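Reviewing the structure listed below.
A short reminder: the numbers here are calculations on the coordinates, not readings from a lab. Here the structure is a predicted model, which is why all the values come from computation and not from measurement. Cβ placement follows ideal geometry from the backbone for every residue including glycine, while neighbour counts extend to all protein chains displayed.
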Amino acid sequence: MRVSNLLTTKGRDVATIDQNRSVADAVAILKERRIGALIVTGKGTPLAGILSERDVVRALAESGAAALDATVADLMSHEVTTCEESTSITDLMGLMTANRIRHVPVVHGGDVVGMVSIGDVVKARFDELEGEKRDLLDYVSAR
């Protein structure tokens, strides 16, 4: 299974926020959309960084409520690990594990075409295993 298969199932909607917006604005979007990370856009770039719930929690622990007044650029991760639609789910799992990340933007030709979370990967793998199980049971029972 490839990332492209996963995006076909889950969709290609990507939540973004401009790097100059406040962290409070980002938190509101995360809550409203019930997601764990936002793609951060900047002047002339569709992928300036990524802001995750973890980034916000760390800032709150360090600075308290004042962290909410900071800009997204102040907290975002500038180095973003990405994948392509052709990346296998197995390779993506390894990438996420090795980098200890939960969200990976999917890029194509410099554009962000999707976002994959660890939950998406687990669901895809679970569905794949269930299908294999069903096929094996059908084979063994000669259906």
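Observations
- Each Lys and Arg Cβ is given +1 and each Asp and Glu Cβ -1; about its Cα centre, the chain then shows a dipole of about 240 debye.
- In whole percents, the pair-distance distribution calculated for the stretch 28-82 from its alpha-carbon pairs, binned every 10 Å from zero, is 23, 54, 22, 1.
- The distance linking the stretch 32-68 with the stretch 75-115 is 16 Å (Cα centroid to Cα centroid, whole angstrom).
- Working from label points 7 Å from Cα in the Cα-to-Cβ sense, the residue 22 to residue 134 distance is 4.9 nm.
- Among the GluC sites (Glu not before Pro) found in the stretch 34-143, those both in a DSSP coil and sparsely packed, with 10 or fewer other Cβ atoms within 10 Å of their Cβ, are 79.
- For the chain, DSSP calls about 75 percent of its internal beta bridges antiparallel.
- Spatially close Lys pairs in the chain, defined by Cα atoms under 24 Å apart and a spacing of eight or more places or different chains, total 5.
- Calculated FRET efficiency for the pair residue 54/residue 31, C-beta based, R₀ 25 Å, to 0.05: 0.95
- For the stretch 3-140, convex hull volume per residue from C-alpha positions, Å³: 118 Å³
- The chain: most fluctuating residue of 76, 93, 115 per GNM, C-alpha cutoff 10 Å: 93
- Ordering 2-12, 19-29 by mean Cβ neighbour count within 10 Å, with the highest value first, yields 19-29, 2-12.
- Sorted by Cβ neighbour density within 10 Å, fewest at the top, the residues 123, 43: 43, 123
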